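What follows is a short report on a single structure.
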Amino acid sequence: MSRRTIVTAFEELGAEGLLETRHGDGTYCVFDEEVSARTGSTGPSLQLAQDQTQDSLEKDHAVLPFSRKGIDPGALSIKAWSAAAARAQRKLSTSHLFGSLPGGLPRLKEALTKHILALRGISVDPSQVIITAGIRESIDLVTEMLPSLRCVAGEEPSNERIRKVIERSGEIRPRYQPLAVDQDGAGFGALETAQPVDAVLITPSHQYPMGITLSHERRLDLLARLGDSDTWIFEDDYGAAVRYSGANIQPIFELDSRKRTIYFGSLSTILFSNLHLSFLVVPKDKVGPIVRIQEKKGSLASILAQGALAEFMDCGAFAQHLLELRRCSQINYTFLINEVRAKLSEWLEPIPIDGGGSFAALARDPAMDDEAVAQAARAVGIDPAALSPMYFDPAASKPGRGFGFMGTSPEQSRVAVERL
């Protein structure tokens with residue numbers, strides 16, 4: 001900058017009482033109560049209190065080791081993301097900022113169409129991709145489109161929070177039909193003996209919390225049992241983008257000739273949690289109803305975040321990020337499961353996985369109080385999830401631990417396993 005610009009800035013700050021010049025010594029910032037009151041700036045004592053409050057909030061809401069919410073920050077190139085976000089903002093028009101964008105930013109819908117074709121082999125029109133602000137909005141849109149869900153079948157154990165979102169979103173509270181999970185994923189024998197179900201909620205790529213991939217045979221078995229029924233399949237492809245071994249298995253969305261499958265995808269779980277972006281892939285005849293519901297309710301997905309992600313994907317940085325994410329996650333996973341085997345084998349038996357960001361370990365003692373262990377673990381700064389509360393039927397529950405590792409480095413894992 002020119003000397004004149006700097007001198008002017010110093011003069012203005014001096015006139016406001018924020019700077020004082022000491023002859024022969026230099027120019028100093030002024031901190032006193034009078035200046036703070038006059039300018040609205042904060043003095044040292046107030047700033048310290050604010051810093052302490054912020055530190056306390058960050059500590060209370062920190063992502064602890066073993067939490068499945070964590071994402072390895074080393075996998076994301078902040079420089080590449082920032083550059084993409086800056087370029088995207090320059091490309092946004094007035095219509096993007098103030099107009100209606102049914103289903104999301106067209107450019108991002110096109111980028112996601114290419115992504116799911118390359119990663120999962122799903123071939124759809126960009127109009128079939130609906131951008132949302134997270135899994136909660138995705139479920140909310142689907143349950144409003146299908147208001148009469150009286151019975152939903154789902155895995156046992158499973159993510160209790162997803163079940164509760166479904167229960168609260170529709171017009172009626174649906175009954176839950178548990179499907180026991182074994183080494184091949186969920187079993188669907190209960191679908192023939194139970195009352196008819198309106199929807200099946202399944203996480204085929206990485207079943208949470210057990211981490212098992214639903215076998216191809218089981219996917220075909222599910223579709224065979226449903227036959228020509230009107231039962232919907234909600235395919236949450238959690239963990240599909242992070243795979244370490246074995247081939248990707250064809251998604252149910254592509255296998256379902258009935259066109260009664262809705263595919264749920266999350267972007268926050270593979271980029272960063274505060275992105276707050278997810279997407280749905282729906283059959284063509286459901287595009288109109290879903291978009292109309294979203295327009296009526298008002299889309300929650302940030303247009304700035306959508307633009308930044310579209311640019312990040314189009315420039316090739318997203319593909320590079322996925323490669324780095326897999327590399328970091330595989331290192332974290334390999335180290336952690338070996339630590340659990342070496343130091344916790346007296347109490348826990350870990351279940352190996354082919355991909356995803358977490359694995360489970362079953363308790364060797366069926367009487368273990370895994371909830372008490374989880375509470376004690378949080379008290380020492382670690383967060384391994386208890387397995388028993390994730391069972392819908394208490395009589396079928398098995399104690400154990402769920403270990404997330406995407407945001408837990410090998411060094412953090414070593415310390416955390418010692419604490420556990």
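The values are calculated or read from the model by the stated rules, or taken from the named source; none is laboratory data. Small disclaimer: the values here were computed from a predicted structure and weren't measured. So basically every Cβ, Gly included, is an ideal-geometry build from the backbone, and we count neighbours across all protein chains shown. Surface accessibility is based on the protein's heavy atoms, side chains included, excluding ligands, DNA and RNA. Shrake-Rupley method; radii C 1.70, N 1.55, O 1.52, S 1.80 Å.
Remark: spin-label model distance A83-L304 equals 2.2 nm, labels positioned 7 Å along the Cα→Cβ axis. Pick out, from T143, Y244, L280, the residue whose Cα sits farthest towards the positive end of the charge dipole of the chain, with +1 on the Cβ of Lys and Arg and -1 on the Cβ of Asp and Glu. It is L280, whose Cα lies furthest towards the positive end. Only Lys, Arg, Asp and Glu carry charge here, each on its Cβ (+1 for the first two, -1 for the last two); on that basis the range 147-268 has a dipole of about 320 debye about its Cα centre.
The equivalent ellipsoid that matches the C-alpha gyration tensor of the range 179-246 spans semi-axes of 22, 12, 11 angstrom, in descending order.
Packing order of peptides 376-382, 357-363, highest average first: 357-363, 376-382 (average count of other Cβ atoms within 10 Å over each peptide's residues).
Computed with a 1.4 Å probe over protein heavy atoms only, the accessible area of E144 comes to about 60 Å².
Projecting the Cα atoms of T113, T132, P196 onto the charge dipole of the range 113-225, computed from C-beta unit charges around the Cα centre, puts T132 farthest toward the positive end. Please work out the FRET efficiency for the pair S229 and Q183, using the Cβ-Cβ distance as r and a Förster radius of 25 Å; give the result to the nearest 0.05. Here the calculated transfer efficiency is 0.35. Between the amide H of A199 and those of C151, A153, W232, distances stay under 5 Å, these residues lying 5 or more places away or on another chain, with hydrogens modeled in the peptide plane.
In Å³ and rounded to a whole number, note down the convex hull volume per residue for the Cα atoms of the range 220-315.
137
Close amide-amide hydrogen proximity is noted between L300 and A133, each under 5 Å apart and 5 or more residues distant or on a separate chain (H modeled in the peptide plane; Pro and chain starts excluded). Distance between the 7 Å Cα→Cβ label points at N248 and A118: 1.0 nm.
Using the Karplus relation 6.51 cos²θ - 1.76 cosθ + 1.60 with θ = phi - 60°, the per-residue 3J(HN,Hα) values for the range 279-284 come to 8, 10, 10, 10, x, 4 Hz, with x marking Gly and Pro.
Maximal additional length on extending the R150-S93 stretch stands at 16.1 nm, based on 0.36 nm per residue less the C-alpha distance. In plain terms, the bigger the Kirkwood radius, the slower the diffusion; for the range 285-420, with that radius from Cα pairs, at 20 °C and 1.002 mPa s, Stokes-Einstein puts D at 120 µm²/s. Please report the net charge: other residues with Cβ closer than 15 Å to the Cβ of G402, K and R +1, D and E -1. Local charge sum for G402: -1.
For the chain, the solvent-accessible area of protein heavy atoms averages 50 Å² per residue (probe radius 1.4 Å; ligands and nucleic acids excluded).
First compute the accessible area of the chain with a 1.4 Å probe, then give the percent of it belonging to carbon and sulfur atoms.
53
Distance between the modelled labels on K297 and K69, one decimal in nanometres: 2.2 nm (7 Å Cα→Cβ projection).
With N as its number of residues, the range 135-249 has a Cα radius of gyration that, divided by 2.2 N^0.38 Å, comes to 1.03. Shown in residue order for the range 327-338 are the 3J(HN,Hα) couplings computed by the Karplus curve 6.51 cos²θ - 1.76 cosθ + 1.60 at θ = phi - 60°: 4, 5, 5, 5, 4, 4, 5, 4, 5, 5, 5, 5 Hz (x for Gly and Pro). When only the Cβ of Lys, Arg, Asp and Glu is charged (+1, +1, -1, -1), the dipole of the chain relative to its Cα centre reaches about 1080 debye.
In this structure, R327 and E192 have a Cβ-Cβ separation that, at R0 = 35 Å, corresponds to a calculated FRET efficiency of about 0.20.
Taken one residue at a time, the phi angles of the range 225-231 give Karplus couplings (6.51, -1.76, 1.60, θ = phi - 60°) of 5, 6, x, 9, 5, 8, 4 Hz. Gly and Pro are set to x. Taking a quarter of the surface of the Cα convex hull of the range 104-183 gives a mean projected area of 6.7 nm².
Percent relative contact order of the range 329-420, based on C-alpha pairs within less than 8 angstrom and at least six residues apart? About 35 percent, as a whole number.
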